[in-house]
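Structure first, then comments.
The values are calculated or read from the model by the stated rules, or taken from the named source; none is laboratory data. Everything quoted here is computed from the prediction, not taken from an experiment. We place every Cβ from the backbone using ideal geometry, glycine too, and count neighbours over all the protein chains shown. Surface areas here come from the heavy atoms of the whole protein model, side chains and all, with no ligands, DNA or RNA. Shrake-Rupley method; radii C 1.70, N 1.55, O 1.52, S 1.80 Å.
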Amino acid sequence: MEYTVENYAKKAREAAAEGVVLLKNDNAVLPLSKGEKVALFGRSQFNYYKSGTGSGGLVNTSYVTGVREALLERKEVILNEELNALYEEWLKDHPFDHGQGWASEPWFQEEMPITEEIAAKASETSDTAIVLIGRSAGEDHDNLAEEGSYLLTKAENEMIKNVCAAFERTVVLLNVGNIIDMSWVKAYNPSAVAYIWQGGQEGGNGAVDVVMGEVNPSGKLPDTIVNDINDIPSTEGFANPQRAVYAEDIYVGYRYFETFAPQAVAYPFGFGLSYTCFEIKNVGFEQEAAEGADGKAAGEDVDTANMPGSILISVEVTNTGDRAGKEVVQLYASAPQGKLGKPAKVLVGFVKTALLAPGESEVIMKRINPYDFASYDDGGLTGNKSCYVLEAGEYGFFAGSDVRSAQPAGSIVLEKDVVLEQLTEAMAPEEGFDVLVPECKEGVFSPAKRPAVTRSVNYTKRVEEELPQPLEITGDKGIRLSDVADGDHTMEEFIAQLSPEDLASLTRGEGMCSPKVTPGIAGAIGGLTENLKNFGLPAAGVSDGPSGIRMDCGTKAFAMPNGTLLASTFNADLCTELYEWAGAELRKNKIDSLLGPGMNIHRSPLNGRNFEYFSEDPYLTGKMAAAQLEGMHKYNVTGTIKHFCCNNQETNRHGVEAVVSERALREIYLKGFEIAVKEAGAYSVMTSYNPVNGHWTASNYELIETILRKEWGFDGIVMTDWWAKGNFDGEKRGELANTAAKVQAGNDLFMVNADASDQNCDNTMAAFAEGKIIIGQLQRNAMNICGYLMRTPAFDRMLHGDSELDEDLKSMVFEGGEVIAKELTWYVNETDTIEDSELACERDDINLITVVTKTRGMYGLKITCRASEGTGDLAQLPLTVFKDNEMIASISITGADKEWKTFTFNEISPFYMNTSYLKLYFAQGGMEVKDVKLTLLMDLEEKIKAAMSAMGN
Ligand code: BGC
């Protein structure tokens, strides 16, 4: 393997191209021909969205190739220069609006008005128009069913309308993170329309590979597109800051539309065109013997002999057109309505073919596990409460290239109900509400309601009955974590040595940007205090994710195609190959876990973070996440699957309560996570911010212990989302500082703290003293964390130094990546100075200073410098200063400045975090720095604390 960024980029480009979903291509307007004259419309040609914004998008890249750059680079089409000049002139007065503050760029940018005249003029010299529509989105804000978000703006509408009127050949490319309204397609009838999504730094290249026909599109919709957003059941009540009632229950996305409202669909789930045609022929259908069914029977009416085996479906795919291409075979299952009610179809398998030449065929065989078409009986309607069941009746199987057109492939009949797995009630709603169920009359389903099954288990009693056995504290016996790894001592013997304070410290992750791990990353866990380090715990680093590594100090990394795009590839192998690169890159940067993939279900196209997530379908979500994890696991690093669970709305994400049935949780919202845990061995999970059915997920025992660990056999760490709240059973308010509730629930790590040794930063020790949590719980969590640490490269490096692989990975050099001459950590009290001897001041030297401030607030910066002896008077000596990757000043002195000169900067952005970065870049040699001084001007500590605790309320 050659670790070059070029090879990495090739894989990302392949994925970006495979994710393009072509919805319309009249008169084969695409692919474009070489030499075609093209007019490029839409301002986002100048600001290609490599991703949305927020933690999932802030990757510092050395380049981003958008559609325009890719077209220019390839020189295969002739771009309309006059139109380009018009845009460039207009952009001078309409620069990109970055918004105010962190990740707060608007979700759309003002569009240059394209009048009929401009469009007509452009059509005089160009044959084909490409119109680009761009959208951002991200944390804390949802999309709105309004112009500039889900809907096109007036200017965008005008643009498409006028361009379509002027050109016979118009191609609209959607550089967006989630589905947007598509009613304009019918209104203006462009020749071609494609979702190119947000494709990372190679996104433009991938999209243009498709536009130019080098790659034949094979992407498929991971979400249903409807004519009217109000037809999506979750639209009503979406963004209510207090409660999100999941009344549509399991009928999310196509499960709803295929069952109740097929006519409301504009483009069905799984749909996507190719430049060629395929025939999908069923060539085999067989049911295997039941051997291997791992469930056990329960209930009275169960016929264990009837336990179904897996279904084997074979289809032959033939390329019947005249271009090579790939097709996605999608397999769906239908189940009898029975007593529970079922969606018309559910996805149970998908396979992408190889690249098939015209006339070539491939036979695909896929095994379908009955568990994938079973239903969870939360209330015991079938007589099997808390079981996965297959109700008696006929099960149909369908194969095709989207949910709507999939054709019958065979069926099986179950004479009696079959129980696949007996589980235990968990996370059921406390309050009653109605859920959607199908009512069938003469073969037609109409929506009806049924009261959701409410909880019957006492939460506190369950926690108490399952208290972990405490280990007697032994004090330091000299056992180190490496002794456990070597098998010389048990984990229990090791953990028994730790004091309650050490155990509490261990539950505290540090961040953002802890100086104890790779600069600029989101979190550190493990050996963060002197004591814990002495026990031989490494400090492991975790970084955002999902679409590339975020390092806030400016280190360059690779920006990946986003989750929705990757889901659209329906190519799990490709996803694995791409995330092998992510694994290598994590290793290179000495990071142990990526904070991703994001796995929340696209319950609504309005969720602001959909771009980070995969799909409306849990099976596709789970398989894609598993594929990514498998890739990263090859490098012995992992992904932290997030946000567990129901982070389906950004509005008041810390407080909005998801009210949802246990059945919908298990079949839809938890299913993807379950697949990632069971199939890919996920060993790091991040809970979400929100409460579900009365319990904040960060402190939800039933979510973390009952379901994740006990039922799914998860063996890894669980961490909170950054500054997530928690509550004890019965408490109506979630609190940030209620870390004890999180400890009780088995959430191993509270992320994040300024200092893990600070015993007063949360309520853990106080709650322990009061007996609200016990030592056994702290020890259980500590064992999870240490088990995880033993698997990390950080542990290996601590014991054995850099490996051969670490050496090899050094060859992956990012263009424009900075070579840091000096890296230092600066602990700042109210005022502090660093002297010149600590800095590297030669030509091209970069000093990366991790600034750890005791007090968060406004600081003034003073730099005192002069020209060194022997520097010619005419020399210009610049020093550029960055804070957290933002330039705050460029100082320049001349060679004649031989006396000390002090430069003062009092208006630098506040130090909101305890850790920030200063970067000093000396473009020339010859400058001497006497000192760099930071002085606290305004203490914002109280204000920041108040703002943090109010967060989400
Ligand atoms: C996000 C997480 C992210 C974390 C660390 C939070 O705001 O919700 O997805 O991993 O920050 O940056």
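Summary of values
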{"read-out": "Filtered residues of the range 253-274 (kept if of a type outside the set (V, I, T) and touching a Pro at 6+ places or on another chain (Cβ under 7 Å))", "value": "Y254, R255, Y256, E258, F260, G272, L273, S274"}
{"read-out": "Selection from the range 668-701 of residues that are open to solvent by 10 Å² or more (accessible area, probe 1.4 Å) and either farther than 29 Å from V637 by Cα or among the polar types (S, T, N, Q) (or both)", "value": "G694"}
{"read-out": "Failed criterion for I704 (all others in (1) open to solvent by 10 Å² or more (accessible area, probe 1.4 Å); (2) of a type in the set (A, V, I, L, M); (3) away from the ligand (no atom under 16 Å from the Cβ); (4) touching a helix residue (DSSP H, G or I) at 6+ places or on another chain (Cβ under 8 Å) hold)", "value": "(1)"}
{"read-out": "Failed criterion for N760 (all others in (1) at pLDDT 95 or above; (2) out of contact with any strand residue (DSSP E or B) (no Cβ under 8 Å at 6 or more places or on another chain) hold)", "value": "(1)"}
{"read-out": "Complete set of residues in the range 36-75 that are away from the ligand (no atom under 16 Å from the Cβ) and open to solvent by 40 Å² or more (accessible area, probe 1.4 Å)", "value": "K37, F46, Y63, V64, E69, L72, E73, R74, K75"}
{"read-out": "Any pair with Cβ under 8 angstrom, 6 or more apart, that starts in the range 729-752 at a residue that is more than 22 Å from R709 (Cβ to Cβ) and open to solvent by 50 Å² or more (accessible area, probe 1.4 Å) and ends at one that is assigned to a strand (DSSP E or B) and among the aromatic types (F, W, Y)", "value": "none"}
{"read-out": "Pair list, Cβ < 8 Å and 6+ apart or interchain, from the range 433-459 residues that are in contact (Cβ under 8 Å) with a residue 40 or more places away in the chain to residues that are of a type in the set (F, W, Y) and loosely packed, with under 15 Cβ neighbours inside 10 Å", "value": "none"}
{"read-out": "Hey, L629 closer than 22 Å to P538 by Cβ, touching a residue at least 40 places away in the same chain (Cβ under 8 Å) and under 12 Å from the mean Cα position of the chain (by Cα) or not", "value": "no"}
{"read-out": "Residue match in the range 710-718 (condition: more than 22 Å from A782 (Cβ to Cβ) and either open to solvent by 10 Å² or more (accessible area, probe 1.4 Å) or within 16 Å of the ligand (Cβ to nearest atom) (or both))", "value": "yes"}
{"read-out": "For T490: the one exception among (1) touching a residue at least 24 places away in the same chain (Cβ under 8 Å); (2) of a type in the set (S, T, N, Q); (3) away from the ligand (no atom under 16 Å from the Cβ); (4) open to solvent by 20 Å² or more (accessible area, probe 1.4 Å)", "value": "(1)"}
{"read-out": "Test: residue in the range 3-19 that is of a type outside the set (G, A, S), in contact (Cβ under 8 Å) with a residue 40 or more places away in the chain, outside any helix (DSSP H, G or I) and open to solvent by 10 Å² or more (accessible area, probe 1.4 Å)", "value": "yes"}
{"read-out": "Hits in the range 654-704 - residues which are over 20 Å from the mean Cα position of the chain (by Cα) and of a type in the set (S, T, N, Q)", "value": "S661, N693, S699, N700"}
{"read-out": "Residues satisfying the stated conditions in the range 302-352, i.e. open to solvent by less than 10 Å² (accessible area, probe 1.4 Å), part of a loop (DSSP other than H, G, I, E, B) and on the phi < 0 side of the Ramachandran plot", "value": "P308, G309, L340, K342"}
{"read-out": "Residue match in the range 394-413 (condition: farther than 30 Å from E279 by Cα and either assigned to a loop (DSSP other than H, G, I, E, B) or modelled with pLDDT of 95 or more (or both))", "value": "no"}
{"read-out": "Members of the range 753-774 found to be closer than 22 Å to E705 by Cβ and out of contact with any helix residue (DSSP H, G or I) (no Cβ under 7 Å at 6 or more places or on another chain), listed by number", "value": "E770, G771, I774"}
{"read-out": "Members of the range 892-931 found to be within 19 Å of E842 (Cβ to Cβ), open to solvent by 40 Å² or more (accessible area, probe 1.4 Å) and of a type outside the set (S, T, N, Q), listed by number", "value": "K898, Y921, E928, K930"}
{"read-out": "1 or more residues farther than 25 Å from K533 by Cβ, modelled with pLDDT of 90 or more and of a type in the set (V, I, T): qualifying strands (runs of 3 or more DSSP E) within the range 799-879", "value": "831-835, 845-853, 857-867"}
{"read-out": "Count - residues of the range 628-650 that are away from the ligand (no atom under 14 Å from the Cβ) and part of a loop (DSSP other than H, G, I, E, B)", "value": "4"}
{"read-out": "Within the range 592-616, considering residues that are of a type in the set (D, E, K, R) and out of contact with any helix residue (DSSP H, G or I) (no Cβ under 6 Å at 6 or more places or on another chain), the one farthest from the ligand (Cβ to nearest atom)", "value": "E616"}
{"read-out": "So E431, is it farther than 27 Å from A567 by Cβ, at pLDDT below 95 and surrounded by fewer than 23 Cβ atoms within 10 Å (Cβ to Cβ)", "value": "yes"}
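Each row is one residue, and each column tells you yes or no for (1) within 20 Å of E464 (Cβ to Cβ); (2) in a strand (DSSP E or B).
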residue: R666; (1), (2): no, no
residue: Y689; (1), (2): no, no
residue: T706; (1), (2): yes, no
residue: V718; (1), (2): no, yes
residue: W723; (1), (2): no, no
residue: K732; (1), (2): no, no
residue: A737; (1), (2): no, no
residue: A740; (1), (2): yes, no
residue: F750; (1), (2): no, yes
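Rundown of residues vs (1) among the small types (G, A, S); (2) surrounded by 16 or more Cβ atoms within 10 Å (Cβ to Cβ); (3) closer than 23 Å to A540 by Cβ; (4) touching a residue at least 24 places away in the same chain (Cβ under 8 Å), yes/no style:
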residue	(1), (2), (3), (4)
S803	yes, no, yes, no
E823	no, no, yes, yes
E869	no, no, no, yes
P878	no, no, no, yes
